[in-house]
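Accompanying notes for the structure given below.
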Amino acid sequence: MTKKRSFVLASMAVVVFVLLGTLLVLHLPDSSSSSSANSVHRSPTYCDGSGDNQPANDCVQMKLHASKANPKVAGGTPYDIQLVTHPGLRTKPMIAEVQYRSVSNNGKVGSWWGHKQVLLGSGSETTDVHNLTACAPVAPGTYQVRAAVWVGNTNTSVHSSTASSFLHNANQANLTSFDSAAKLTAASSTSTITPGAIVTSAPATLTATPGSASCQNTPEDEGLIEYFNQIEFSSEIQVLVTDTGTAYQVQISCPPAVSPSIPGPAFDLTMMTSSGSASTSCATNASPIVIEKQTLAQQTFCNQTSTCEFMIDFTNSQTGAVFSETIVQILLIPGNQTYIPNLEPAALPLCPENFPPCVLSGQCALGDSKFGQLSLCDSAASETCTPPTPTNTYSYNENVYFQSSISNPVSQ
């Protein structure tokens with residue numbers, strides 16, 4: 001009888017031990033099975049808009065492709081970044097801006113500044129992993145790096161035809177002047193123009209060692225940027241609005257390619273509604289954006305006066321790098337119309353060496369002011385500046401000269 005009772009007590013102890021072990025496993029983080037954790041914590045309808053110490057539900061997770069937690073990269077040298085976005089964002093267009101801020105020896109951090117922008121998704125992706133490259137800051141030192149991602153809103157009722165190229169972007173000011181505690185929320189279907197939400201990853205740390213005096217940009221990108229700025233300066237980029245009677249067809253056009261290599265297959269100029277619901281491009285046979293007149297007042301990218309907001313983006317279609325983005329407003333009224341948009345100049349990724357922090361963050365206080373003017377000249381001679389005739393036009397490979405004149409500073 002004593003032996004049987006001992007056996008029963010031992011069996012009960014085993015059961016209790018198994019239950020306790022199971023409870024411990026359920027409550028301890030499982031580093032060996034991130035997929036199971038993601039399936040539990042990563043809701044498809046909500047994610048944490050700012051990176052924190054609980055990354056399972058972050059909208060954006062960032063990893064530097066290096067073996068060390070604090071990698072060292074030569075200044076101006078490209079390095080790899082991997083971003084993992086929340087599965088619930090697959091149906092939304094996304095643009096990522098790589099941002100830096102300096103870290104002093106005493107641990108004090110500076111202001112965030114934008115380095116480059118990259119297209120992550122058009123709203124129809126099947127993966128959450130995005131690989132991109134960035135250049136390390138030129139000035140040696142310790143930096144924090146993070147990704148600020150603009151998330152478009154696709155909850156609109158627009159009835160439109162879209163091109164196969166569906167590129168999206170956000171205004172530069174929205175990317176660099178965001179609330180670091182932003183949450184990802186869906187826009188109301190009755191709201192007017194909605195620029196989208198900004199979500200950020202947790203920062204990582206890297207050390208820039210002495211290296212290049214500037215970012216190592218590819219000759220292809222430099223050629224694309226030069227070509228875009230030339231045709232934009234010459235007013236050769238146009239937006240055509242065709243009134244079909246029952247709808248407006250909006251199309252962007254650009255001049256024919258000079259040759260197969262100029263501007264090249266990577267040149268991509270795209271126009272989309274600010275809601276991200278429809279887009280077109282100046283590619284051959286691209287379908288226009290079609291907006292039915294009877295639904296114009298209900299569009300989230302239009303206001304009550306029929307002024308509609310669009311974004312025009314210039315990107316490298318092969319790398320996803322974004323060089324220019326401009327928000328334009330167009331009044332849709334009866335009749336055919338042609339607009340010449342004033343687009344933001346294209347620029348290479350920012351890689352400053354000795355810029356004051358306020359210049360990087362755009363928060364410089366104004367003191368003394370200088371008044372000046374910029375003149376267009378026929379020649380590079382600095383002593384004379386003869387303006388060109390009003391009928392003069394410029395080709396892609398023609399030199400264009402400017403002369404600046406700045407007067408003495410005037411105290412305010």
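The values are calculated or read from the model by the stated rules, or taken from the named source; none is laboratory data. None of the values given here were measured: they were computed from a predicted structure. FYI the Cβ positions are ideal-geometry reconstructions off the backbone, even for glycines, and counts take in every protein chain you see.
So SER379 passes all but one of these: (1) within 30 Å of LEU120 (Cα to Cα); (2) at pLDDT 70 or above; (3) in contact with a Phe, Trp or Tyr (Cβ under 9 Å, 6 or more places away or on another chain). Which condition number does it fail?
Answer for SER379: the failing condition is (1).
Would it be correct to say that ASP80 is buried (at least 21 other Cβ atoms within 10 Å of the Cβ), among the charged types (D, E, K, R) and either within 19 Å of ASN217 (Cβ to Cβ) or touching a residue at least 12 places away in the same chain (Cβ under 8 Å) (or both)?
Answer is no for this residue.
In segment 321-340, how many are buried (at least 19 other Cβ atoms within 10 Å of the Cβ) and of a type outside the set (A, V, I, L, M)?
Selection size over segment 321-340: 4.
Has segment 280-303 got any residue that is within 26 Å of LEU132 (Cβ to Cβ), within 25 Å of the chain's Cα centre (by Cα), at pLDDT below 90 and buried (at least 16 other Cβ atoms within 10 Å of the Cβ)?
Scanning segment 280-303 turns up at least one residue that is within 26 Å of LEU132 (Cβ to Cβ), within 25 Å of the chain's Cα centre (by Cα), at pLDDT below 90 and buried (at least 16 other Cβ atoms within 10 Å of the Cβ).
Test GLU236 against the stated conditions and say whether it is charged (D, E, K, R), closer than 18 Å to PHE314 by Cβ and part of a loop (DSSP other than H, G, I, E, B).
Spelling it out, GLU236 is indeed charged (D, E, K, R), closer than 18 Å to PHE314 by Cβ and part of a loop (DSSP other than H, G, I, E, B).
State all residues of segment 246-295 that are assigned to a loop (DSSP other than H, G, I, E, B), touching a Gly at 6+ places or on another chain (Cβ under 9 Å) and of a type in the set (A, V, I, L, M); if no residue qualifies, say none.
Across segment 246-295, the qualifying residue is only ALA257.
To keep it simple, each residue is scored yes or no on (1) under 21 Å from VAL199 (Cα atoms); (2) at pLDDT below 85.
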position: HIS65; (1), (2): no, yes
position: THR85; (1), (2): yes, no
position: LYS92; (1), (2): yes, yes
position: VAL98; (1), (2): yes, no
position: ASN106; (1), (2): no, no
position: SER122; (1), (2): yes, yes
position: ALA134; (1), (2): yes, no
position: GLY152; (1), (2): yes, yes
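Could you please tell me which pairs satisfy a Cβ distance under 7 Å, a separation of 6+ or placement on different chains, a first residue in segment 304-315 that is in the same structural domain as ALA278 (by TED's automatic domain parsing) and under 18 Å from SER281 (Cβ atoms), and a second residue that is part of a strand (DSSP E or B) and among the charged types (D, E, K, R)?
MET311/GLU325; ASP313/GLU325; THR315/ASP268
Being more than 18 Å from PHE323 (Cα to Cα) and touching a residue at least 60 places away in the same chain (Cβ under 8 Å) is the filter; apply it to segment 252-273 and report the residue that is nearest to the chain's Cα centre (by Cα).
Going through the qualifying residues, I end up with THR273.
The conditions are (1) surrounded by fewer than 16 Cβ atoms within 10 Å (Cβ to Cβ); (2) over 26 Å from the mean Cα position of the chain (by Cα); (3) modelled with pLDDT of 90 or more; (4) polar (S, T, N, Q), and GLN249 fails exactly one of them. Which is it?
(1)
Please verify whether segment 331-343 includes one or more residues that are at pLDDT below 90 and either assigned to a strand (DSSP E or B) or not assigned by TED's automatic domain parsing to the domain that holds GLN99 (or both).
There is no residue in segment 331-343 that is at pLDDT below 90 and either assigned to a strand (DSSP E or B) or not assigned by TED's automatic domain parsing to the domain that holds GLN99 (or both).
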